[in-house]
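Rule-based calculations on the coordinates, nothing more; no lab input. For clarity, every value in this text was computed on a predicted model and none was experimentally measured. Ideal geometry is used to build each Cβ from the backbone, glycine not excepted, and the neighbour counts take in all protein chains shown.
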Amino acid sequence: MAAVAGDDGIRRYGATALRILAVAAAYYAGARVGLLEELVRGQITPLWPPTGIALACLLLLGLRTWPGVALGALLVNAPIGPTVPAVAAIALGNTAAPVCSYLLLRRTGFRTELDRLRDALALVFLGALAGMLISSTVGTCVLALEGAVRPGDFWATWSVWWTGDAMGVLVITPLLLMLRRARPPSEVRPYRWAEAGLLMLGTAAVALLATHAVISVLFLVFPFLIWAALRFQLAGAVPCSLIVSVIAIQATAAGVGPFAGHTLLTRMINLQAFNGSVALTALLLSAIITERIRTRREIEQICTQLAEAVVRLAPDEASLRQWPPPRHGDEPPDRR
């Protein structure tokens, strides 16, 4: 029995170690993608996918996988950090932020299905906007103390860092949570596939037009987000939100369209406001629609159960026709 228990413990620890390594690898891969759009000092981007990956892994795999987040953060920052202590401090902040977000979400009873309005609100305000204050503040302060960021650039750097980490949670985390529950659709009519393809292409085309036009027409993307949420709920709203955010970030990095002719801080404020509105519209509206559909189904199920109960409890038709039943010895009335 002791040997069996020992084998079970080894397998359990081995599985945990593999999960930690997988989280570190996913964090590192997401960081390499995010660094393609760096804006400040080769390591600060307006969309930082690793924060969304880290929070999704914590929500799905548990808090015990936090060493994978720390390992991934160290591997990413080691080649680009100014000094070894700075790298360690930045990695600590990058680890503490998703862990804090995870604890805040669990405190509120967060459900990974994102099928309630309260879950969407918690992810936006606690998981993204509040939790990511830790990583942006720690990282920017470390770079400022090391002299890697000038004092005049502190708030611009902080805003880019916070924007990137928050957008990673708002865009990447819902996508991974949705993919975790995705199943091959059954009995889907061809027109639904055509509608989904048209929705994605239309969203990309309008986002390119809105973010590269000389005049400000960014509001044109919101009808497509509403369309996605109403027709496909989270499965449609999240990919559309990701498409719009990536295109807006590329336009901001290039300084074109509505983001041209402004300082870095102003561009980050505009980008954060736009991408935050996009994520809020997509997440909140899809959660409201999903919650409404679930409530309607529950009401229909209760009505069906009540109807079946009434049928079982109701007397049969013959008994109803003979009510009240004749008593023994009663004679039918003389109708002559």
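Odds and ends about this structure:
- Förster radius 41 Å - calculated FRET efficiency between residue 231 and residue 150 (Cβ-Cβ, nearest 0.05): 0.25
- Inter-site label distance for residue 191 and residue 212 at 7 Å from Cα along Cβ, in nm: 3.3
- The angle between the Cα long axis of helix 264-313 and the longest principal axis of the Cα atoms of the chain comes to about 20 degrees, rounded to the nearest 10.
- Length-normalised contact order for the chain - Cα pairs under 8 Å, 6+ apart - percent: 17
- Mean-position separation - Cα centroids, region 198-224 and region 276-310, in angstrom: 30
- Rg/Rg_globular for region 102-159, with Rg_globular taken as 2.2 N^0.38 Å and Rg from C-alpha atoms: 1.51
- Semi-axis lengths (Å, descending) of the ellipsoid that matches the C-alpha gyration tensor of the chain: 53, 29, 16
- Full-stretch length increase - residue 80, residue 25 - with 0.36 nm per residue and alpha-carbon distance subtracted: 18.0 nm
- R0 of 30 Å, Cβ-Cβ distance residue 265-residue 104: FRET efficiency to nearest 0.05: 0.65
- Selected from 157, 269, 305, residue furthest toward positive end of dipole (the chain; charges at beta carbon): 305
- Toward the positive end of the charge dipole of region 79-150, with +1 on the Cβ of Lys and Arg and -1 on the Cβ of Asp and Glu, the farthest Cα among 127, 86, 108 is that of 108.
- FRET efficiency estimate (nearest 0.05) - Cβ-Cβ, residue 302 to residue 33, R0 41 angstrom: 0.30
- Cα-based Rg of region 55-119 normalised by 2.2 N^0.38 Å, two decimals: 1.31
- Shape call, region 192-313: gyration tensor on alpha carbons, a/c limit 1.5: prolate
- Its Cα centre serving as origin, the chain has a Cβ charge dipole (Lys and Arg +1, Asp and Glu -1) of approximately 120 debye.
- For 66, 193, 162, order by how many other beta-carbon atoms lie within 10 Å, fewest first: 193, 66, 162
- Protection proxy ranking, peptides 51-61, 147-157, average beta carbon neighbours within 10 Å, highest first: 51-61, 147-157
- Exposed loop sites here mean GluC sites (Glu not before Pro) with a DSSP loop assignment and at most 15 other beta-carbon atoms within 10 Å; the chain contains its longest site-free run at 188-336.
- Cα gyration tensor shape for region 152-243, rounded if a/c is under 1.5, else prolate or oblate: oblate
- Net dipole in debye of region 243-308 [+1 Lys, Arg Cβ; -1 Asp, Glu Cβ; about Cα centre; nearest 20]: 240
- Length released on extending from residue 181 to residue 273, taking residue separation times 0.36 nm less the Cα-Cα span: 30.1 nm
- With Cα atoms, 0 to 90° folded angle of helix 2-34 axis to the chain main axis: 60
- The mean sequence separation of alpha-carbon pairs under 8 Å and at least six residues apart, normalised by the residue count of region 8-182, gives a relative contact order of 29 percent.
- Taking packing as the residue-averaged number of other Cβ atoms within 10 angstrom, the listed peptides 237-244, 220-227 run from highest to lowest as 237-244, 220-227.
- As a rough footprinting exposure proxy, the listed residues 90, 247 were ranked by other beta carbons within 10 Å of their own, and the order from fewest upward is 247, 90.
- Rounded if a/c under 1.5, otherwise prolate or oblate - region 8-182, Cα gyration tensor axes: oblate
- Gain on full stretching of the segment that runs from residue 141 to residue 118 - 0.36 nm per residue minus C-alpha separation: 5.0 nm
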